[in-house]
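These notes are about the structure you will find just below.
The values are calculated or read from the model by the stated rules, or taken from the named source; none is laboratory data. Computed from a predicted model, the values in this text were never measured in an experiment. Positions of Cβ are backbone-derived with ideal geometry, glycine not excepted, and every protein chain shown enters the neighbour counts. Note: areas computed on protein heavy atoms with side chains; ligands, DNA, RNA excluded. Shrake-Rupley method; radii C 1.70, N 1.55, O 1.52, S 1.80 Å.
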Amino acid sequence: MKNEDRRKHTTAQLLGATKELLQEKACHAITFKEIMERSGLSKGAIFHYVRSKDEIFIWVLMEHLETVHSAVLSTIAEADIKTFEGPMQIIAANLVGLEEQGSITNKVLLYLLGKEDEPQVSEALQQFHDRSVSYSMQWIELGIKHGVIDSSINAEQMGELFVLLSMGLRVRTSMHTSGRSHLNSTDIANFMSTMLKQQD
């Protein structure tokens with residue numbers, strides 16, 4: 001197996017094992033030994049790519065972001081007629097996922113926010129935020145380019161606003177207050193649509 005293939009295979013095993021464990025328990029309760037046992041990888045094989053379980057948690061967070069981004073870009077690229085609704089449905093579905101109590105990415109993000117004084121974690125959180133804003137901006141700019149998003153929209157500001165809204169949704173969900181809220185993920189998605197959509 002080539003080095004790049006081996007790296008991808010190992011990464012997939014680590015991500016799969018870690019996501020399974022995150023379905024069962026909190027981040028702080030997961031040990032490196034459990035990840036090693038669940039993945040079936042040796043300590044040496046794991047340490048060749050990562051040095052801590054926090055690095056693997058960061059991978060989980062980034063993988064989710066990349067998956068959503070790829071889905072939006074694919075929907076835009078594959079559509080014969082460029083519409084607003086296709087990509088917005090993916091974004092709206094992702095927002096609904098952020099409201100789920102068992103969301104593993106919410107667990108990971110909140111765990112990492114509690115360790116923001118550690119340089120590696122702080123850098124990863126900054127990268128996650130910056131990439132989230134960058135991807136949101138790309139989606140908006142593509143919508144403007146295809147004439148389905150209002151050209152007067154400031155993509156940079158709107159991208160950052162959407163990231164702030166999604167971060168707030170994640171935090172609120174962790175506080176178990178969603179049942180008492182008057183604003184849910186569907187309302188936020190509708191707000192985004194209203195702000196962005198090209199007026200006929």
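Keeping every protein chain present and rolling a 1.4 Å probe, give me the accessible area per residue for region 22-102 in Å². If you can, show how the numbers build up before the last one.
On the way: 4260 Å² over 81 residues.
With all protein chains present, region 22-102 gives 53 Å² per residue.
Would you work out the charge dipole size for region 123-168 about its Cα centre, treating the Cβ of every Lys and Arg as +1 and the Cβ of every Asp and Glu as -1, and quote it to the nearest 20 debye?
Using Cβ point charges on Lys, Arg, Asp and Glu, region 123-168 gives about 140 debye.
Please state the relative contact order of region 1-141 as a whole percent: Cα pairs under 8 Å, 6+ residues apart? All intermediate terms of the calculation are to be shown ahead of the outcome.
On the way: 82 pairs, mean separation 34.8, N = 141.
Over region 1-141, the number comes to 25 percent.
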Radius of gyration and Dmax over the Cα atoms of region 1-100, both given in Å: 16.8, 50
Computed label-point distance, nm, for sites ASP130 and GLU118 using a 7 Å Cα→Cβ extension: 2.1 nm
In degrees, nearest 10, range 0 to 90: what is the angle between the Cα axis of helix 119-145 and the longest Cα principal axis of the chain? 30 degrees
Taking each pair of different alpha-carbon atoms in the chain once, compute 1/r for the pair, average those values, and report the inverse of that mean as the Kirkwood hydrodynamic radius in Å to one decimal. 18.4 Å
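Is it possible to state the helix-based mean residue ellipticity at 222 nm for the chain, with each DSSP H run of 4+ residues giving -39500 (n - 2.57), the sum divided by total residues, to the nearest 500 deg cm²/dmol? What is it? Could the numbers behind the result be given before it?
Details: 9 runs with 144 residues, N = 200.
Roughly -24000 deg cm²/dmol at 222 nm, from the helical runs in the chain.
Assigning unit charges at the beta carbon (Lys, Arg +1; Asp, Glu -1) and nothing else, what dipole magnitude in debye, to the nearest 20, does the chain show about its Cα centre?
Values: 20 positive and 26 negative charges, 137 e Å.
Its charge dipole is roughly 660 debye.
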Between helix 85-98 and the chain: long-axis angle, C-alpha atoms, 0 to 90°, nearest 10: 40 degrees
For the chain, the longest principal axis of the Cα atoms and the Cα long axis of helix 3-24 enclose an angle in degrees, to the nearest 10, of 80 degrees
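For region 34-144, what % of the accessible area comes from carbon and sulfur atoms, probe 1.4 Å? All intermediate terms of the calculation are to be shown ahead of the outcome.
Numbers: 3040 of 5480 Å².
After summing per-atom areas, the C and S share lands at 56 percent.
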